[in-house]
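This report refers to the structure that appears directly beneath it.
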Amino acid sequence: MARPAQFERSEVLEKAMQAFWDQGYCATSMADLVEATHLKPGSLYAAFQSKEGLFLASLDHYATQSAARVKKALAEAASPLAGLRGYFRQLAEEVEHPGARRSCLLVNTVLELSRQNPAVQERVNRHLGTIEGLFRDSLEAAQAKGELAPDKDPAALAAFLMTTLWGLRVLTGTAPTQKRAQAIVTQLLSVLD
């Protein structure tokens, strides 16, 4: 009879996520994951079935944190549009942070391998769709409160915000100045006026 796994799943996912985020999926070996998680290969395979299984679980872990961050920024703001503006301004402020060059794990995954792997593509699309849905909900709430003009299309604006967010995340990998990122965000937010 096999022994049950003796580890904290969220801690293992955090460590594996960091390894994948640092190196990408293809460059991260099982030896790297064993070193990062301090688990034996058999334990990783028993819990996640494969490297891809661990990667998908790591993406879920990352996406949960990302969605929580967006929800918090939107919920703590004085109004729906203030929440969106604050979220994007915060992104611009963070571009010079030492960890910012890692960009976004979901966006990195799209660029690295989602076209070759339907399971990864489906997972990334689902997670990015969640964030886009949060943006759309805020835009609809802003429209209902009269903050956003009635002729604006919340779904189209949410898709535009997501597209710009992806671009910002890729841009952070090039180490832009905060001034440049803020100029982009200012232009982006002008569509909400």
Please turn the phi angles of region 68-83 into ³J(HN,Hα) values with the Karplus equation 6.51 cos²θ - 1.76 cosθ + 1.60 (θ = phi - 60°), one per residue in order, whole Hz, x for glycine and proline. 5, 5, 5, 4, 4, 4, 6, 6, 7, 7, 5, 7, x, 5, 4, x
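Just to verify a number: FRET efficiency for residue 32 and residue 82, C-beta to C-beta distance, R0 = 35 Å, to 0.05?
0.25
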Each label sits 7 Å from Cα toward the beta-carbon; between residue 52 and residue 130 the label points are separated, in nm, by 2.1 nm
Cα gyration tensor, region 136-193 - rounded (a/c under 1.5), prolate or oblate: prolate
Label-point separation (nm) for residue 160 and residue 93, each offset 7 Å from Cα along Cα-to-Cβ? 2.5 nm
Region 29-137: relative contact order in percent, alpha carbon pairs under 8 Å with at least 6 residues between: 24 percent
Taking the Cα centre of the chain as the origin, how large is its charge dipole in debye, to the nearest 20, when only Lys and Arg (+1) and Asp and Glu (-1) carry charge on their Cβ atoms? 160 debye
Span from the region 79-93 Cα centroid across to the region 114-149 one, whole angstrom: 16 Å
Alpha carbon convex hull of region 17-130, volume per residue in cubic angstrom: 116 Å³
Say each of residue 137 and residue 69 gets a label point 7 Å from the Cα, pointing the same way as Cα to Cβ; how far apart are those two points in nm? 1.9 nm
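Need one word for region 81-165: rounded, prolate or oblate. Basis is the Cα gyration tensor (sqrt eigenvalues a ≥ b ≥ c); a/c below 1.5 gives rounded, then a/b vs b/c decides.
Note, shape of region 81-165 comes out oblate.
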Protein chains only, probe 1.4 Å: how do 177, 28 rank by accessible area, largest first? 177, 28
Filter the cross-link list 72/179; 71/145; 15/51 down to pairs whose alpha-carbon distance in this structure exceeds 21 Å. 72/179
Keeping all protein chains in position, work out how much accessible area residue 127 exposes to a 1.4 Å probe, and write it in Å² to the nearest 10. 30 Å²
To the nearest 10 square angstrom, what accessible area does residue 93 show with a 1.4 Å probe? 110 Å²
Here FRET efficiency (C-beta to C-beta, residue 151 to residue 180, R₀ 35 Å, nearest 0.05) is 0.65
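The values are calculated or read from the model by the stated rules, or taken from the named source; none is laboratory data. Small disclaimer: the values here were computed from a predicted structure and weren't measured. A quick note on method: Cβ atoms are made from the backbone with ideal geometry, for glycine too, and the neighbour counts reach across all protein chains shown. Remember, those area values only see protein heavy atoms, side chains included, never the ligands or the DNA or RNA. Shrake-Rupley method; radii C 1.70, N 1.55, O 1.52, S 1.80 Å.
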